[in-house]
Every structure is written in C-alpha cells, then in structure tokens.
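Worksheet: the structure to be examined is printed underneath.
Only the coordinates and a few stated rules stand behind these numbers; no lab work does. Every value quoted in this text rests on a predicted model; they were computed, and no experiment measured them. Because the Cβ atoms are built from the backbone with ideal geometry, glycine has one as well, and the counts that use them run over all protein chains shown.
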Amino acid sequence: MEIAVVTGTSTGIGFATSVHLARHGFRVFAGMRNLAKAEPLRAAATEASLPIEVIPLDVTSTPSVSRAFETVSEHGPVDVLVNNAGIGGATPLELTPEDEHRRMFETNYFGSIRCIRAVLPAGSSPPPIRSPTPLRSGRSSARARRSPTRCAASASAWSTSSPGWS
Ligand SMILES: NC(=O)c1ccc[n+]([C@@H]2O[C@H](COP(=O)([O-])OP(=O)(O)OC[C@H]3O[C@@H](n4cnc5c(N)ncnc54)[C@H](OP(=O)(O)O)[C@@H]3O)[C@@H](O)[C@H]2O)c1
C-alpha cells in the first residue's frame, strides 16, 4: 500500500485530503500539531475503516518534523507528501505586524521546505524512481522528480510579485 503524509489535518482541506487519499488506496499518516484535535479525524477513519494514523507534526519545528518522518519511515518510503499545513490571512500589509508576517513564512514556506527535505533522499541525484510528490494545496503544486536548484532564490523573488500584491 502506498504511503501518503498530509500535514495540517485537524480541519479543512487537510482533513478532507486525508480521508480522500485513504478512500483511494493510500495508507495515510495525518500530521497534526495539536493532538487534542485528533478525535474527529480518528472517528471518521474508524467509522469508514480507513487506514489513517494521526501523528504529531508541527511544521515549524525541525525536531517535530524529523520525529514524524522517522515514524513514517518505519513503515516504508513516502510516496505522496501533501504540504497542506498553513496560515491564511488577508490583512493589509501596513496592518500586518512583522512577527505575524514571519510566522506565515515559517509555517507556509519553511514548514513545506522542512517536510520536503525530510522526504528527499539526501545527497542523491537523481533521486530514486519512487520519489515523493510534494504538493501545496491551495497555493501551488509541484512534482519533484528532481530536486529544485533555485528554490529559495525563486520563492523569494516571486514573493513580492504574487497575486496578493495586485
Ligand atoms: N481554504 C481556502 O480557500 C484556501 C485558499 C488558499 C490557500 N489555502 C491554504 O490551504 C491550506 C488549507 O486550508 P484550510 O482552509 O483547510 O485551512 P485551515 O482549516 O485553517 O487548516 C489549516 C491546518 O493547518 C494546520 N497548521 C497550522 N499551522 C501548523 C503548524 N505549524 N504545523 C502543523 N499544522 C499546522 C492547522 O492546525 P491547527 O488546527 O492546530 O491550527 C490546520 O489543521 C492552508 O495552508 C491554507 O493557507 C486555503
């Protein structure tokens, strides 16, 4: 059974994606930063006999990400990674405090990067055939058949050209 890891699964798109992938044949490891919120997803999994396991995963914490992917790797390689965990916001720039701004990048950008790095094979180029497919629901998606080489440069350059600026 192929393995999928979904981040940010307590609510919304992450919750729905976990259920959807499990219904379509994946063994799902559902990352949650606050396990006190795990009951609804666990109940949905139990009710439909779906192979979903909730694991602790805070994408802003490198130790948490490492522990989560170590746990998953005991069951096999990650076939699909859905980088869903994120913070939204539509506050005008002049009213957005810098710490909030940084928290978004720490979660939405660096959180995704941490998880992608956790599943990419270190130092191997090209990666093995069964390379994972990092996805960013709601924002963008990318199929990582090969590691990107201009990740930080491109992301930072585009960060002030995105639709939110128009
Ligand atoms: N819905 C939309 O229309 C829309 C549009 C554009 C982009 N998006 C993006 O798509 C994603 C899902 O959207 P949604 O509407 O389903 O949002 P949501 O209901 O707010 O869910 C966000 C999830 O991310 C989790 N999360 C936040 N910070 C985290 C962290 N540090 N580590 C791990 N998990 C964390 C939240 O956990 P907690 O419950 O613990 O807070 C929650 O489970 C988000 O990244 C969002 O920004 C959504």
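Extension gain, Ala157 to Ile87: 0.36 nm times the residue separation minus the Cα-Cα distance gives 23.1 nm. Modelled spin labels at Arg42 and Thr149, positioned 7 Å past Cα toward Cβ, are 4.7 nm from each other.
Over the Cα atoms of the range 31-116, the radius of gyration divided by the Kirkwood radius equals 1.05; this is the Rg/Rh ratio.
Name the GluC sites (Glu not before Pro) in the range 23-75 that are in a loop by DSSP and that have at most 15 other C-beta atoms within 10 Å, would you? If you can, show how the numbers build up before the last one.
Values: sites: Glu47, Glu53, Glu70, Glu74; in loops: Glu74.
Sparse-neighbourhood loop GluC sites (Glu not before Pro): Glu74.
Once the Cβ-Cβ distance of Glu106 and Met1 is raised to the sixth power relative to R0 = 30 Å, the FRET efficiency obtained is 0.35. Cβ-to-Cβ counts within 10 Å put Met1, Met32 in ascending order as Met1, Met32, the fewest first. Distance between the modelled labels on Trp165 and Thr60, one decimal in nanometres: 2.5 nm (7 Å Cα→Cβ projection). Listed from fewest to most Cβ neighbours within 10 Å, the set Thr9, Thr91 follows the order Thr91, Thr9.
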